[in-house]
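Participant: Mind looking over this structure? Questions follow.
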Amino acid sequence: MTSYLVMLQTNSNQPFIFSSPRLREQIGASFEITLLSHWVKEEAKELLSLKKLPSSFWVSDSSGKVIVRFRDTDGNTEKLAKQLIRKVTLRALTDAPGLDITGVFIEATSNTVCADDLQELDRVFLEYSLNRRPAAARFPQFPFLERGSESALPASPKLSEDDCREMRRYARKTLNVPLLTDDDTNFSPPTQTDQDAQDSLSLPSRVKRAWSRSARRLQLQEVVSRWSPDDPETWPKEIERLNEDPFQLEGAFQDLPQAANSQDTLTSLSSVGVIHIDGNGVGAIMRDLGEAFKKTNNTLDKLTKPPYLRMLNPCGKMPPRFRSYSGKLPHFRSYSRKPPRFQWFIMEVNYRLDDIVKEAIARSWADIEYLANDDDIDLVPVVPVLVGGDDVTVYTDGRYAIPFAEAYIRHYEDLTEKDGLLSVLATLAGAPKKGPLTASAGVAIVGRNFPFHIAYDLAEGLVSRGKKLGKKKETVPCSTIDFHVLRDATVLDPEDTLNEYKGRTQRPFLIGHYAPQRIGDATTTSSKETPAAAPQPLSPWARILQAVAAFDGKKPDDPTQITGDPFPRARANRIVKLLAEDDAEKAATEWNDALQNAPSAGLLAKQLKLLPPHSSSSDEAGKSLEQIKWLLDLIDLSGNLPDGYLASRISGDADVFGSAEAADDSTEGGAQ
């Protein structure tokens, strides 16, 4: 009895998305990557002449990667594997030009799915990928062809009406793209090709732009359906309110072409935040699914309903039942239409992780909506561009980027901790016991019109730097957040840019569930030492925000109240400059002078003592040096957070950890 495993995977996703500077093309490109699962499903149904695929067909289905299984009862399994790869790659060639998809297959060593076969499939995939022509070879430019606008690829004629009609039909009938009240009477979402019809564009650019509106609507429907799962009648209006038109949305982030109609575009942003977030340890789990299965197999029958909306596992609602794991794979009849338990487990992990990422995005977006309303702002544009597996890339207003990233990590940890399967798998990601998965976030705050791909590279570099701290050996893994405010656009290399911080900041920050364990706990401050009321601990992130409040001349426990003047910015910048010049002694002298003469310095120093690194050393000079390394962080945070964020986040944290004591009065901790 033979069966074949087939893997189809997209390659070079980032270059495909960021090959164009235009936001709507990036939205369309990210969406095209998600079409792989749809194509596999449709072509497999046609090959097998089935209206519904058997539950044993799916092995793995995540963003940009699909593994399926043909059994001997399906027919000539090797021929079916080759035909599926051919049909899907041809589909990509016509429906998503420029998208690079590789397909490979192997004969399974048993009549079940096993970890060894999956590793062999990965090996064959990597070997084959090294020996095939890249997707760019599909667009030769010799003999000479006119180059497309904003692209290195040759120009192409505009899409025909038949092409657009077929895209609209597929969007509505197959993808269920929602319709809004102002759509045409043909009951299909617009392709939005009129704006670019006369432009000199490459074929990939035209198709990406044509898909962008459907992509944005599906993206927004995913969000609003999680906000109001029981009230679908409100979804169309919410989708319309959240800027479903990528062309108009693009105007907030970058200048539109001169010929474009800029009417109804969003207000131009003063700064743009490019957020990249990557889960910690998820790759280790997915690379050794056999070990992950052993770890969780005995608990699969006891899984409870997770606290988020989720897709149904196509391999079945419940796992196939058999004895507790004994080190031997169970025997399955080859003609059974039910999938092996291990196969069900792989799909369950894929779907749970995917839904948690989408839920965390929706909840973080809702937090940003709340902050914007609190600041009397009608709408903050939020654009998820890359959502795949545990990777997330989001564009938004620069002032709301850091709050979004922190909220995402908070929700991601909370959701994974409450998930009966992923919380157990966290131990394979380095957690000491069952608990949340962690993540690292990098935020690049850049000017409007700054190239997205450079900002993305910078954010990715920030994530890498955070991971080195968060996954430090012989410590519990911890979530991190790092950020950079781009002031000098002449230095674009991520490594050179990040070297700017050496020796004068405390970034990246440890945050989240495991942060107190990594850095030690501290307590909120109180203006009066009241023995009867023990102060309650706040999270490390809230304590950083308290320091920002003190830096701004506000009460740390209640930033809605002013204590006096903020810490002098000129003095803070002078100290930071001395640190950059490696003159720590003068920097410490300047800080001590501030403590004697600046009324706000005492309160700030009091808050900085609560922040890491905590030292037991009696060296006062060393302690002062560590404190003043926070100044550049405070300068950047103070200037790049929305007005109501400090009060909202600190009070919300106090509600979780316990009510804070009365805040410092305006004179306590002043001039010393």
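Participant: How big is the equivalent ellipsoid of the range 49-148 along its three axes, where each semi-axis is √(5λ) from the Cα gyration tensor, reported in whole Å from largest to smallest? Don't jump to the answer; show the numbers that get you there.
Facilitator: Details: eigenvalues 191, 54, 27 Å².
Ellipsoid semi-axes (Å, largest first): 31, 17, 12.
Participant: Nearest 5 is fine: what % of DSSP beta bridges in the chain come out antiparallel, could you say?
Facilitator: Details: 49 of 55 bridges.
Among the beta bridges of the chain, antiparallel pairing accounts for roughly 90 percent.
Participant: On C-alpha positions alone, give me the angle between the axis of helix 203-227 and the longest principal axis of the chain, in degrees, nearest 10.
Facilitator: 70 degrees
Participant: Out of Ser110, Met7, Gln254, whose Cα points farthest toward the positive end of the dipole of the chain (charges: +1 Lys, Arg; -1 Asp, Glu; placed on Cβ)?
Facilitator: It is Ser110, whose Cα lies furthest towards the positive end.
Participant: Taking the chain as the reference, fit the longest principal axis to its C-alpha atoms, fit the long axis of helix 398-418 to the helix C-alpha atoms, and give the angle between the two in degrees, 0 to 90, nearest 10.
Facilitator: The two axes meet at around 70 degrees.
Participant: Roughly speaking, what % of Cα-Cα pairs in the range 1-115 are separated by over 19 Å, rounded to a whole number? Let's see the in-between values first.
Facilitator: Details: 2987 of 6555 pairs.
The answer is 46 percent, as a whole percent.
Participant: Something else now. What lysines sit close enough to Lys45 to cross-link, taking a C-alpha to C-alpha distance under 27 Å and skipping anything fewer than 8 places away on the same chain?
Facilitator: Leaving aside lysines fewer than 8 places away in the same chain, those within reach of Lys45 are Lys65, Lys79, Lys82, Lys87, Lys173, Lys208, Lys317, Lys338.
Participant: Give the calculated FRET efficiency between Leu126 and Asn597 to the nearest 0.05, with a Förster radius of 56 Å applied to their Cβ-Cβ distance. Intermediate results must be reported in sequence, preceding the final value.
Facilitator: Working: r = 63 Å, r/R0 = 1.13.
Result of the calculation: an efficiency of 0.35.
Participant: In terms of Cα to Cα distance under 16 Å, which lysines are near enough to Lys502, apart from those fewer than 8 places away along the same chain?
Facilitator: Lys468, Lys577, Lys629
Participant: Additional query: Treating the beta-carbon of each Lys and Arg as +1 and of each Asp and Glu as -1, no other charges, what is the dipole magnitude of the chain about its Cα centre, to the nearest 20 debye? Please report the intermediate quantities before stating the final value.
Facilitator: Working: 82 positive and 95 negative charges, 646 e Å.
So the dipole magnitude of the chain works out to roughly 3100 debye.
Participant: Short version: ³J(HN,Hα) in whole Hz for each residue of the range 429-441, in order, from phi by Karplus 6.51 cos²θ - 1.76 cosθ + 1.60 (θ = phi - 60°), x for Gly and Pro, what are they?
Facilitator: Each residue's phi maps through the Karplus curve to give 8, x, 5, x, 7, 3, x, x, 7, 10, 8, 10, 10 Hz.
Participant: Pick out, from Ala360, Val392, Val66, the residue whose Cα sits farthest towards the positive end of the charge dipole of the chain, with +1 on the Cβ of Lys and Arg and -1 on the Cβ of Asp and Glu.
Facilitator: Val66
Participant: Can you list the residues, at least 5 places off or on another chain, whose amide H is less than 5 Å from the amide H of Asp100, using H built in the peptide plane?
Facilitator: The list, which skips near neighbours in sequence, is Asn11.
Participant: Same structure again: Report ³J(HN,Hα) in whole Hz for each residue of the range 503-515, in order, from the Karplus equation J = 6.51 cos²θ - 1.76 cosθ + 1.60 where θ = phi - 60°; Gly and Pro get x.
Facilitator: With coefficients 6.51, -1.76 and 1.60, one gets x, 9, 9, 10, 5, x, 9, 7, 9, x, 4, 8, 4 Hz.
Participant: Net charge near Tyr501: determine it from the other residues with C-beta under 15 Å of the C-beta of Tyr501, scoring Lys and Arg +1 and Asp and Glu -1.
Facilitator: Values: positive: Arg465, Lys468, Arg487, Lys502, Arg504, Arg507, Lys577, Lys629; negative: Asp482, Asp488, Asp493, Glu495, Asp496, Glu500, Glu581, Asp582, Glu626, Asp633, Asp636.
Combined, the nearby Lys, Arg, Asp and Glu give -3.
Participant: Another question about this same structure. Within 10 Å, count the other beta carbons around each residue, average over each peptide in 111-124, 503-516, 206-219, and list them highest first.
Facilitator: On the way: 111-124: 17.6, 503-516: 21.9, 206-219: 25.5.
Result, highest mean Cβ count within 10 Å first: 206-219, 503-516, 111-124.
Participant: Could you compute the FRET efficiency for Ala137 and Thr267, with r as their C-beta to C-beta distance and R0 at 41 Å, rounded to 0.05? Show your work: numbers first, answer last.
Facilitator: Working: r = 42 Å, r/R0 = 1.04.
The formula returns an efficiency of 0.45 here.
Participant: Let me ask something else. Quickly estimate the mean residue ellipticity at 222 nm for the chain, helices only: each DSSP H run with n ≥ 4 gives -39500 (n - 2.57), and the total goes over all residues, rounded to 500.
Facilitator: On the way: 23 runs with 298 residues, N = 672.
For the chain, the value works out to -14000 deg cm²/dmol.
Participant: If we sort 544-554, 461-471 on the protection proxy, mean other Cβ atoms within 10 Å, highest first, what's the order?
Facilitator: On the way: 544-554: 24.8, 461-471: 21.5.
The peptides rank, most packed first, as 544-554, 461-471.
Participant: While we're on this one: Treating the angle as unsigned and between 0 and 90°, give the value, to the nearest 10°, between the Cα long axis of helix 115-129 and the longest Cα principal axis of the chain.
Facilitator: Long axis of 115-129 versus the principal axis of the chain: about 90 degrees.
Participant: Here is a further query. Name the long-range amide H neighbours of Arg448: under 5 Å, sequence gap of 5 or more, or other chain; modelled H, no Pro or chain starts.
Facilitator: Sorted by chain and number, the residues that satisfy this are Val272.
Participant: Okay, next question. Around Leu269, under 14 Å between beta carbons, what's the net of Lys plus Arg minus Asp minus Glu among the other residues?
Facilitator: Here the charged neighbours net out to -2.
Participant: Could I ask something else about it? Could you work out the percent of alpha carbon pairs in the range 379-442 separated by over 16 Å, rounded to a whole number?
Facilitator: Within the range 379-442, distances greater than 16 Å cover 52 percent of Cα pairs.
Participant: Amide H neighbours of Ser149 under 5 Å, at least 5 residues apart or on other chains, H built in the peptide plane: list them.
Facilitator: Result for Ser149 returns Ser200, Leu201, Ser202.
Participant: What whole-number value in cubic angstrom gives the convex hull volume per residue for the C-alpha atoms of the range 82-231? If you can, show how the numbers build up before the last one.
Facilitator: Values: hull volume 29.0 nm³, N = 150.
Residue-normalised Cα hull volume stands at 193 Å³.
Participant: Shifting gears a bit: Counting pairwise Cα distances across the chain, what percent come out greater than 46 angstrom?
Facilitator: Working: 54416 of 225456 pairs.
Every Cα pair in the chain considered, those over 46 Å come to 24 percent.
Participant: Rank-order 644-653, 390-399 by packing density, defined as the average count of other C-beta atoms within 10 Å over each peptide's residues, highest first.
Facilitator: Result, highest mean first: 390-399, 644-653.
Participant: In sequence order, what are the phi-derived ³J(HN,Hα) couplings for the range 47-55 according to the Karplus relation 6.51 cos²θ - 1.76 cosθ + 1.60 with θ = phi - 60°, rounded to whole Hz, with x for glycine and proline?
Facilitator: 5, 8, 6, 10, 7, 9, 6, x, 5
Participant: What does the charge count near Arg571 come to, summing +1 for each Lys or Arg and -1 for each Asp or Glu among other residues with Cβ under 11 Å from its Cβ? Before the final figure, lay out each step's value.
Facilitator: Values: positive: Arg569, Arg574, Lys577; negative: Glu590, Asp593.
With Lys, Arg at +1 and Asp, Glu at -1, the neighbours total +1.
Participant: May I ask which residue of Gly290, Gly75, Ser37 lies farthest towards the positive end of the charge dipole of the chain, with charges of +1 (Lys, Arg) and -1 (Asp, Glu) on Cβ and the Cα centre as origin?
Facilitator: Among Gly290, Gly75, Ser37, the one farthest towards the positive end of the dipole of the chain is Gly75.
None of the figures in this text is laboratory data; all of them are computed from the coordinates on show. From a predicted model like this one, the values you see are computed outputs, not experimental measurements. In this analysis, Cβ positions are derived from the backbone assuming ideal geometry, glycine residues included, and neighbour counts consider all displayed protein chains.
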